[in-house]
Amino acid sequence: MESVTAFAPASVGNVGVGFDLLGHALEGVGDTVTLRRRDQAGVRVSAISGRVTALPVDPERNTAARPVLRMIESLGLDGGVDLELVKGIPLGSGMGGSAASAVASVVAADALWRLELPAERLLMFALEGERVTSGAAHPDNAAPSLLGGLVLTEPGDPPRCTRLPAPPGLVCVLCHPERDVRTEDARRVLSPTVSLEAFVRQSGWLAGFVAGCFRGDTGQVVRCLRDEVIGPQRAGLVPALEAALDAAREAGAEAAALSGSGPSVFAWTEARHAAGVAEALGEAFAGEGLASEHWVSAINAPGARVLAEG
């Protein structure tokens with residue numbers, strides 16, 4: 001095999017209630033990586049195209065290349081690769097763009113060298129790409145992009161992932177306003193401490209959310225999908241955020257929150273309300289002079305996969 005092309009989907013990080021722990025994959029948007037063998041060792045970024053092109057080509061600073069470089073070094077793989085990246089995810093969108101690039105690259109490398117590594121090992125390599133953009137390895141986007149569906153990731157080395165049953169009867173509407181929010185800026189506004197009361201309440205919401213998923217109790221899931229700690233601190237980064245969330249709920253959304261660090265907003269709703277929720281979100285952002293785009297996706301959307309081998 002001389003080349004492999006892999007796709008990894010965008011994702012909703014945090015899912016409101018589970019900061020740095022929860023995420024789910026999105027249908028219809030993602031990044032694509034093609035790896036081609038070359039005799040020289042290492043990784044060369046040979047092309048970047050799509051929605052974002054002004055990205056570093058230094059392998060240590062490129063979110064797709066660095067994970068492959070670590071795989072080559074750690075596993076003693078022969079030869080090297082040329083890497084082509086097609087960005088389908090907007091930059092600074094809160095849709096897990098850096099994670100998708102990293103995940104697509106490790107899935108392609110796993111197929112190219114026929115490694116058949118377990119998912120948790122692939123995730124560890126993919127998280128090297130997340131370190132490029134945020135300085136730390138947060139798995140809430142990479143895990144669902146790799147595995148698909150709604151994923152809870154436990155802290156640890158390696159992190160342990162659990163696919164949660166998606167609440168029946170709901171879809172995700174994600175709306176992306178044309179504004180960038182850098183992950184490091186969004187983390188910088190967060191307080192390093194929370195009160196005991198806030199910790200207990202948010203822990204209770206997360207526990208109830210997970211329990212509701214396993215019970216198939218959609219009412220419990222949406223009742224507990226609350227963010228009382230992180231979202232309020234980031235509200236100032238996204239114009240019209242509260243108006244957008246209120247508009248989504250008025251249009252029929254069961255729950256709504258920031259996607260990752262924003263500015264994108266996601267809402268979980270019955271499919272029959274999806275078009276109206278998307279329209280309401282778009283109108284709320286338009287009121288602040290922001291154009292937007294949206295996607296409607298199953299919550300249990302598929303994860304990364306190989307598209308072509310040659």
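The values are calculated or read from the model by the stated rules, or taken from the named source; none is laboratory data. These numbers come from a predicted model, not from an experiment. Cβ sites come from the backbone with ideal geometry, for glycine too, and all protein chains shown count toward neighbours. For the accessible areas, the whole protein counts, side chains as well, though only heavy atoms, and no ligand, DNA or RNA atoms are used. Shrake-Rupley method; radii C 1.70, N 1.55, O 1.52, S 1.80 Å.
Scan the stretch 245-253 and tell me whether some residue there is in a helix (DSSP H, G or I), in contact (Cβ under 8 Å) with a residue 40 or more places away in the chain and among the aliphatic types (A, V, I, L, M). Yes. Across the stretch 131-150, the qualifying residues are those that are at pLDDT below 95 and among the hydrophobic types (A, V, I, L, M, F, W, C), and the one among them that is surrounded by the most Cβ atoms within 10 Å (Cβ to Cβ) is V132. Take the conditions assigned to a strand (DSSP E or B) and crowded, with 23+ Cβ neighbours inside 10 Å and apply them to A25. Does it pass? Yes: the conditions hold for A25. Checking A211, A257, A253 one by one, the residue that is more than 19 Å from P144 (Cβ to Cβ), open to solvent by less than 20 Å² (accessible area, probe 1.4 Å) and at pLDDT 95 or above is A253 and no other. Within the stretch 278-291, being touching a residue at least 40 places away in the same chain (Cβ under 8 Å) and surrounded by 22 or more Cβ atoms within 10 Å (Cβ to Cβ) holds for A278, L281, A284, F285. The single residue among T193, T153 that is surrounded by fewer than 14 Cβ atoms within 10 Å (Cβ to Cβ) and of a type in the set (S, T, N, Q) turns out to be T193. Evaluate the stretch 219-234: report whether one residue or more is of a type in the set (D, E) and either surrounded by 23 or more Cβ atoms within 10 Å (Cβ to Cβ) or assigned to a helix (DSSP H, G or I) (or both). No, the stretch 219-234 has no match at all. Taking the stretch 156-175 as the range and being open to solvent by 10 Å² or more (accessible area, probe 1.4 Å) and in contact with a Phe, Trp or Tyr (Cβ under 9 Å, 6 or more places away or on another chain) as the test, the residues that pass are P165, L170, V171. Right, A54: closer than 26 Å to W295 by Cα, among the small types (G, A, S), out of contact with any Phe, Trp or Tyr (no Cβ under 9 Å at 6 or more places or on another chain) and without any contact (Cβ under 8 Å) to a residue 24 or more places away in the chain or not? Yes; evaluated as a whole, the condition is true for this residue. Flag: E128 does not match the condition of being open to solvent by 50 Å² or more (accessible area, probe 1.4 Å) and either of a type outside the set (D, E) or assigned to a helix (DSSP H, G or I) (or both). Between E116, E84, E60, the distinction of being charged (D, E, K, R), assigned to a helix (DSSP H, G or I) and open to solvent by 40 Å² or more (accessible area, probe 1.4 Å) belongs to E60 only.
Contact map, the stretch 172-192: first residue closer than 14 Å to E283 by Cα, second residue acidic (D, E) and open to solvent by 10 Å² or more (accessible area, probe 1.4 Å), Cβ cut-off under 6 Å, separation 6 or more or different chains; pairs are H176/E293.
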